[in-house]
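Here's the structure we're looking at; comments come further down.
The values are calculated or read from the model by the stated rules, or taken from the named source; none is laboratory data. Computed from a predicted structure; not experimentally measured. Quick reminder, even Gly has a Cβ in these numbers, built from the backbone with ideal geometry, and neighbours come from all protein chains shown. Only protein heavy atoms, including side chains, enter the accessible area calculation; ligands, DNA and RNA are left aside. Shrake-Rupley method; radii C 1.70, N 1.55, O 1.52, S 1.80 Å.
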Amino acid sequence: MKAIGRLATLLVAALVTPGVALAANVIEGQRIYNQHCIGCHGPGGNSAIPNAPKFSRGERLMQPDMVLLASIKAGKMTMPSFNGILRDQEILDVIAYLRTLQR
């Protein structure tokens, strides 16, 4: 019974501690991708413009989530910065969705 109490305490602490990310939501990531990313990165991650990564081939997805998060927040070349547009959790949701596109 004590283990359940400790688990509940840890869960509450994680939920109220700033900066603690919850598990990524792939469905929400797909929604955000369709709203913000599909124009350049294409449906299913099949690049719609030159030089955009082909996520369906896993391009750029070999990097850790936190590196990808920083890259998306900063923007690069023709990709705009999403800092202030998407919250970190939303970006992590998109990254989780992108990882489902690899074939």
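In the stretch 63-79, which residues are assigned to a loop (DSSP other than H, G, I, E, B), on the phi < 0 side of the Ramachandran plot and at pLDDT below 95?
THR78
Tell me which residues, restricted to the stretch 64-79, are under 12 Å from the mean Cα position of the chain (by Cα) and free of Cβ contacts under 8 Å to residues at least 12 places away in the same chain.
PRO64, MET66, VAL67, ALA70, SER71, listed by residue number.
Does ILE85 fit the bill of being open to solvent by 70 Å² or more (accessible area, probe 1.4 Å), at pLDDT 95 or above and among the β-branched types (Val, Ile, Thr)?
Yes.
Only residues that are in contact (Cβ under 8 Å) with a residue 40 or more places away in the chain and part of a loop (DSSP other than H, G, I, E, B): list them for the stretch 80-90, please.
Of everything in the stretch 80-90, those that are in contact (Cβ under 8 Å) with a residue 40 or more places away in the chain and part of a loop (DSSP other than H, G, I, E, B) turn out to be PHE82, ILE85.
Any idea which residue in the stretch 53-70 is nearest to VAL26 (Cα to Cα), counting only those that are open to solvent by 50 Å² or more (accessible area, probe 1.4 Å) and of a type outside the set (A, V, I, L, M)?
If we take residues in the stretch 53-70 being open to solvent by 50 Å² or more (accessible area, probe 1.4 Å) and of a type outside the set (A, V, I, L, M), then ASP65 is nearest to VAL26 (Cα to Cα).
Collect the residues in the stretch 41-52 that are over 11 Å from LEU98 (Cα atoms) and crowded, with 16+ Cβ neighbours inside 10 Å, keeping them in residue-number order.
Across the stretch 41-52, the qualifying residues are GLY42, SER47, ALA52.
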